[in-house]
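The values are calculated or read from the model by the stated rules, or taken from the named source; none is laboratory data. As the structure is a computational prediction, the values presented were derived from the model and not from experiment. Cβ coordinates were reconstructed from backbone atoms using ideal geometry, including for glycine residues, and neighbour counts include every protein chain displayed. These accessible areas exclude ligands, DNA and RNA; they are computed on the full protein's heavy atoms, side chains included. Shrake-Rupley method; radii C 1.70, N 1.55, O 1.52, S 1.80 Å.
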Amino acid sequence: MSKKIKVAVAGVGNCFSSLYQGIEYYKDFDENQEGVIPGVMFPRIGGYHPADIKIVAAFDVDRRKVGRPVGEAIFAAPNCARVFCPEVPEGPVVQMGPVFDGVSNLMLEQPEKYGFRVSNEEPVDVAEVLRETGADILLNYMPVGSQVATEYYAQACLDSGTAFLNCIPVFIASDPVWEQKFIDAGLPLIGDDMRSQVGASITSQVLQEMAFDRGAVVKYHQQINIGGNSDFLNMMDQTRLASKKESKENVIRAQNDLRGIPVEDESLFAGPSTWIPYLKDNKVAHFRIELEGFGGAPIEIDAKLSVQDSENSAGVVIDAIRYLKVASEMGVVGALRGPSAWTQKTPPQQMQYADAKEECIALANRDLDALRVLNTVT
């Protein structure tokens, strides 16, 4: 398919660095004999290949990124994502976005290689840039805790007729008031809070689903995460952490809710624990699940997951972008249930793994009848 998906991004951080590198890295990959592209969940969605994604605009507030081409800005401090594709297109120049609550005092107080340094450039009119570039989708990669800034970008999408992909735990797609605004504007959106390709949240979900399906009682589920990138540093400010912890725990709690099983607050914990700069973009998650099996026998699961955090993000976002484009072409509006449940921690409707995947496949195949059966569209 020669038609491009025009994407704008708010936040030129580590996650976007991996996504931008990935678009270039996969541009010449075709499906192998098994019909897959190694490292990508869906090689084609509605006919769109990862190479069909084109970045047309980017917004940030850091002086080391604003005014520089995207292809340079993604490698600027404090980004520390792994460089797996060093030769990337220059791309559009990063423009100054509004600061609002996107930068915490904690990040301003850090040494330059770790913290943020706000540019003195005047912010642009984001909605106007989206209109001028013809962006199909705006990708929100703002720092955790950016409530006002995220709402500004969401409104810019409504004002410009742009679909919205919200990858942080500010609740937009899962908020009925905001979703109705997108429905009224005839636009789709996906959110909230990106769920990594093979990350802590999907691992917690699948382990808990397995336990329930095998008849075990989940007594306690713990997920502790540590990392060394700016996302983890930003969340050392406890005032910015509440929505992230809620979003991560939603993944675990939802498995009880879907089965009508009560859950006590003390029986689960999920969230970032600390920032260790040595780890850089490596994220390490520790799991402990205590179960009650046959005859009341105790079962304990202790596991560790180590991933490159930002590449793990890009592995689902590269699909979410294409779901939104296909939905737009099919006239599907509002928060996309299956793709949101598949790619985000706090979707408007929590779903089991297989159900979310089934809906994604129906959208990828442009199967409107299947989507109607799944109650995705009327």
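Here is a list: ALA285, ALA270, ALA216. Which entry is of a type in the set (A, V, I, L, M, F, W, C), at pLDDT 95 or above and under 18 Å from the mean Cα position of the chain (by Cα)?
Residue meeting the stated conditions: ALA285.
Taking the stretch 136-175 only, how many residues are assigned to a loop (DSSP other than H, G, I, E, B), touching a Lys or Arg at 6+ places or on another chain (Cβ under 6 Å) and open to solvent by 10 Å² or more (accessible area, probe 1.4 Å)?
Residues meeting the conditions: 2.
So, of the residues in the stretch 238-282 that are in contact (Cβ under 8 Å) with a residue 60 or more places away in the chain and among the acidic types (Asp, Glu), which turns out to be farthest from SER146 (Cα to Cα)?
ASP257
On the given criteria, is PRO98 crowded, with 16+ Cβ neighbours inside 10 Å, touching a Pro at 6+ places or on another chain (Cβ under 7 Å) and modelled with pLDDT of 95 or more?
Here the answer is yes, as PRO98 does meet what is asked.
Based on what the data block shows, is GLU151 acidic (Asp, Glu), modelled with pLDDT of 95 or more and under 30 Å from ALA285 (Cβ atoms)?
yes
Hey, can you tell me all the residues within the stretch 183-208 that are open to solvent by 10 Å² or more (accessible area, probe 1.4 Å) and either part of a loop (DSSP other than H, G, I, E, B) or among the β-branched types (Val, Ile, Thr) (or both)?
Result: ILE183, ALA185, GLY186, LEU187, SER196, GLN197, VAL198, ILE202, THR203, VAL206.
For the stretch 318-342, give me each residue that is within 18 Å of HIS49 (Cβ to Cβ) and either at pLDDT below 95 or open to solvent by less than 20 Å² (accessible area, probe 1.4 Å) (or both).
ILE318, ASP319, ALA320, ILE321, ARG322, TYR323, LEU324, LYS325, VAL326, ALA327, PRO339
Which ones in the stretch 2-17 are within 15 Å of the chain's Cα centre (by Cα) and not in a loop (DSSP other than H, G, I, E, B)?
VAL7, ALA8, VAL9, ALA10, ASN14, CYS15, PHE16, SER17
Could you check TRP178 against (1) in a loop (DSSP other than H, G, I, E, B); (2) on the phi < 0 side of the Ramachandran plot and say which number it fails?
With (1) in a loop (DSSP other than H, G, I, E, B); (2) on the phi < 0 side of the Ramachandran plot applied to TRP178, the lone miss is (1).
Among all residue pairs at least 6 apart or on different chains, which show Cβ distances below 6 Å where the first residue, located in the stretch 112-136, is modelled with pLDDT of 95 or more and the second is among the basic types (Lys, Arg) and surrounded by 13 or more Cβ atoms within 10 Å (Cβ to Cβ)?
Matching pairs, first to second residue: ARG117/ARG63; SER119/ARG63; GLY134/LYS6; ALA135/LYS6; ASP136/LYS6; ASP136/LYS325.
Being over 26 Å from LYS4 (Cβ atoms), of a type in the set (S, T, N, Q) and either open to solvent by 60 Å² or more (accessible area, probe 1.4 Å) or in contact with a Lys or Arg (Cβ under 6 Å, 6 or more places away or on another chain) (or both): is that true of GLN180 here?
Judged against the criteria, GLN180 is a match.
Kindly provide the set of residues from the stretch 21-43 that are closer than 13 Å to VAL316 by Cα and either open to solvent by 40 Å² or more (accessible area, probe 1.4 Å) or touching a residue at least 60 places away in the same chain (Cβ under 8 Å) (or both), ordered by number.
GLY22, ILE23, GLY39, VAL40, MET41, PHE42 - these are the residues of the stretch 21-43 that are closer than 13 Å to VAL316 by Cα and either open to solvent by 40 Å² or more (accessible area, probe 1.4 Å) or touching a residue at least 60 places away in the same chain (Cβ under 8 Å) (or both).
Considering only residues that are modelled with pLDDT of 95 or more, open to solvent by 20 Å² or more (accessible area, probe 1.4 Å) and of a type in the set (A, V, I, L, M, F, W, C), which ones fall in the stretch 1-20?
Of everything in the stretch 1-20, just one residue is modelled with pLDDT of 95 or more, open to solvent by 20 Å² or more (accessible area, probe 1.4 Å) and of a type in the set (A, V, I, L, M, F, W, C), namely CYS15.
What helices (runs of 4 or more DSSP H) lie completely within the stretch 263-378 and have 3 or more residues being aliphatic (A, V, I, L, M) and more than 22 Å from GLY228 (Cα to Cα)?
Passing ranges, in order: 309-330, 353-364, 368-373.
Can you name the number of the only condition in (1) open to solvent by less than 10 Å² (accessible area, probe 1.4 Å); (2) within 29 Å of GLY22 (Cβ to Cβ) that ILE289 fails?
(2)
Would you mind stating whether PHE59 is outside any helix (DSSP H, G or I) and open to solvent by 10 Å² or more (accessible area, probe 1.4 Å)?
no
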